[in-house]
Amino acid sequence: MTQILIAGVDEVGRGPLAGAVVAAAVILNPQQWIEGLADSKVLSEKKRNELDLIIRQKALYWSLGRAEVEEIDEINILQASLLAMKRAVEGLKVCPQHLKIDGNKCIDMNISMEAIVKGDSKAASISAASIIAKVARDKEMFELDKLYPQYGFAQHKGYPTKAHREALLKYGAICHHRRSFKPVRDVLL
């Protein structure tokens, strides 16, 4: 019997004021169950990093996709998130027969798919996608922190914390900030 290839798809980074939105598509191996998969937001950073390595080793296929700051500003964060997810699916080495997408929107592809609200806590493949996308984006924010330590990207990952908003007011926006987001737009006026 032929196995149906189902890819879980999720994105991270819709809310931050800086950085790309990163998505992942993961096709898990039904013969290699991965213990501990859950929504990346409820896992500790240490556990996410451990699971990230396991997922990359045990999944049949995985891929990352992204939409850059300029794309987010041009087409809006929702459309950029959908674009990043589409790119993640297109990056898979095989074409899945079905997609399970976290959220309430489907992506523009000619593949069977379903949107699952809170899917990262309901479907293992979506959980896996959320984990590898979160780890990848967090690594990017750690690298950005090395270049611009005054913003504290390693701590808040670009989210609009009090410290991040204060740094924006003090130092202004950099090219990695999303100009279409109000707190950034406000400092550019």
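General remarks:
- Placing a label point 7 Å from the Cα of Cys95 along the Cα-to-Cβ direction, the residues of the range 110-144 whose backbone N falls under 18 Å from that point are 110-114.
- Between 0 and 90 degrees, the angle of helix 45-58 with respect to the longest Cα principal axis of the chain falls at about 40 degrees.
- In this structure, the pairs whose alpha-carbon distance is over 20 Å, taken from Lys41/Lys118; Lys100/Lys122; Lys100/Lys157; Lys46/Lys134; Lys41/Lys86, are Lys100/Lys157; Lys41/Lys86.
- Placing +1 on the Cβ of every Lys and Arg and -1 on the Cβ of every Asp and Glu, with no other charges, gives the chain a dipole of roughly 320 debye about its Cα centre.
- Full-extension gain in nm, Asn110 to Lys146, via 0.36 nm per residue minus C-alpha separation: 8.9 nm
- Principal-axis tilt of helix 162-171 within the chain, Cα atoms, nearest 10 degrees: 50 degrees
- Working from label points 7 Å from Cα in the Cα-to-Cβ sense, the Ile75 to Cys175 distance is 2.2 nm.
- Farthest towards the positive end of the charge dipole of the range 1-128, among the residues Gln32, Gly19, Leu43, is the Cα of Gln32, using unit charges on the Cβ of Lys, Arg, Asp and Glu.
- Cα centroid separation, the range 1-60 to the range 140-174 (Å): 26 Å
None of the figures in this text is laboratory data; all of them are computed from the coordinates on show. The model shown is predicted, which means the values in this text are computed figures rather than measured ones. Ideal geometry is used to build each Cβ from the backbone, glycine not excepted, and the neighbour counts take in all protein chains shown.
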